[in-house]
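K.L.:
Below are the C-alpha cells for one structure; questions will follow.
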Amino acid sequence: MKLKFKSSQFQDIWVTSDTHFGHANILKFQPNRNFATIKDMDNYLINEWNQKVKPNDIVIHIGDVSWYKPSETGEILQRLPGLKFLVKGNHNRPEFGDYFINWSEYAEITIDNQHIVAMHYPILEWNRSHHGSFHVHGHVHGRNLQHEIGCSLGRIMDVGIDANPNVTLFNYKDIRSKLEAIDYRNGFRLGAGY
C-alpha cells in the first residue's frame with residue numbers, strides 16, 4: 001500500500017499498533033496495562049482514541065487490532081473516529097479490513113515529503129533508510145530493540161500502545177520530532193543497498 005498525505009489537509013495524523021482489544025492475557029504480559037479487567041482496558045483505549053482523534057484525522061494502525069471476533073471488533077472500530085488505514089499484524093483476521101479505508105501487510109507512506117515504511121514487525125533495513133526515511137512498527141510491545149542489539153538502528157520507532165508511557169496513540173508530529181533527531185547516517189547497515 002502506498003499512501004501520500006499533506007499534514008495541512010488534516011487536523012492530525014495518528015499512528016498506533018497492538019491495541020489488542022479483548023486480549024485478556026495482555027494484562028498479564030504488559031505491566032503498563034494496569035487494568036482490573038479487559039473491559040476496563042478496552043474502555044480506556046476507546047476513550048483515549050475518542051479524546052484525541054477527530055473525524056477527519058488520519059489514523060494508521062500497524063496491526064494487532066483485536067482478539068475479538070470480527071463482529072465485536074467491528075462494533076469497537078465503528079466507535080472510533082478517524083480515517084483509518086491498517087497495516088496487518090500477526091493477530092488480525094481478514095474481516096477486520098472491512099473497517100479500514102485500506103489495508104495491507106506493508107505500507108510506504110509519504111507525509112509532507114517524509115518517506116515512512118510501516119510494517120507490523122521491526123526490520124533492520126527498509127526502503128530509503130540510508131536517505132533518512134522512517135520505519136514505524138509494532139509487535140515488540142515497547143521492548144528497547146536498540147538496547148538489546150547493542151547499536152543504533154537508525155530512524156526506527158515502536159509505535160505500539162505499550163511503547164507509549166500513557167498507553168495511547170502517537171501523534172505523527174511527535175514521531176517526526178523524535179526520529180528527525182536521529183542521525184540516520186550512523187544507523188545499522190547490512191549492506192550497500194543504498
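The values are calculated or read from the model by the stated rules, or taken from the named source; none is laboratory data. Predicted, not measured: the structure shown is a model, and the values here were computed from it. Cβ sites come from the backbone with ideal geometry, for glycine too, and all protein chains shown count toward neighbours. Areas reflect the complete protein model, heavy atoms only, side chains present, ligands, DNA and RNA absent. Shrake-Rupley method; radii C 1.70, N 1.55, O 1.52, S 1.80 Å.
K.L.:
Just the residues that are farther than 19 Å from His141 by Cα and either open to solvent by 30 Å² or more (accessible area, probe 1.4 Å) or without any contact (Cβ under 8 Å) to a residue 12 or more places away in the chain (or both), please, taken from the range 43-67.
P.N.:
Of everything in the range 43-67, those that are farther than 19 Å from His141 by Cα and either open to solvent by 30 Å² or more (accessible area, probe 1.4 Å) or without any contact (Cβ under 8 Å) to a residue 12 or more places away in the chain (or both) turn out to be Asn43, Asn47, Asn50, Gln51, Lys52, Lys54, Pro55, Asn56.
K.L.:
Could you please tell me which pairs satisfy a Cβ distance under 6 Å, a separation of 6+ or placement on different chains, a first residue in the range 95-108 that is farther than 21 Å from Ile76 by Cβ, and a second residue that is loosely packed, with under 14 Cβ neighbours inside 10 Å and at pLDDT below 90?
P.N.:
Glu108/Lys2
Matching residues to (1) modelled with pLDDT of 95 or more; (2) basic (Lys, Arg):
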site: Met1; (1), (2): no, no
site: Ser17; (1), (2): yes, no
site: Lys28; (1), (2): no, yes
site: Ile38; (1), (2): yes, no
site: Met41; (1), (2): yes, no
site: Asn47; (1), (2): yes, no
site: Asp57; (1), (2): yes, no
site: Ile60; (1), (2): yes, no
site: Ser71; (1), (2): no, no
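K.L.:
While we're on this one: Tell me which of these Asn32 doesn't satisfy, since it passes every other one: (1) part of a helix (DSSP H, G or I); (2) touching a residue at least 60 places away in the same chain (Cβ under 8 Å).
P.N.:
(1)
K.L.:
OK, next. Given the condition hydrophobic (A, V, I, L, M, F, W, C), open to solvent by 10 Å² or more (accessible area, probe 1.4 Å) and closer than 25 Å to Lys6 by Cβ, answer yes or no: does some residue in the range 85-98 qualify?
P.N.:
Step one: filter the range 85-98 for residues hydrophobic (A, V, I, L, M, F, W, C), giving 85-87, 96.
Those left that are additionally open to solvent by 10 Å² or more (accessible area, probe 1.4 Å): 85.
Then drop every residue that is not closer than 25 Å to Lys6 by Cβ, which leaves 85.
Yes; the residues of the range 85-98 include at least one that is hydrophobic (A, V, I, L, M, F, W, C), open to solvent by 10 Å² or more (accessible area, probe 1.4 Å) and closer than 25 Å to Lys6 by Cβ.
K.L.:
Looking at the range 3-15, which of its residues are modelled with pLDDT of 85 or more and surrounded by 15 or more Cβ atoms within 10 Å (Cβ to Cβ)?
P.N.:
Looking only at the range 3-15, we keep the residues that are modelled with pLDDT of 85 or more, and these are 4-5, 12-15.
Across the range 3-15, the qualifying residues are Phe5, Asp12, Ile13, Trp14, Val15.
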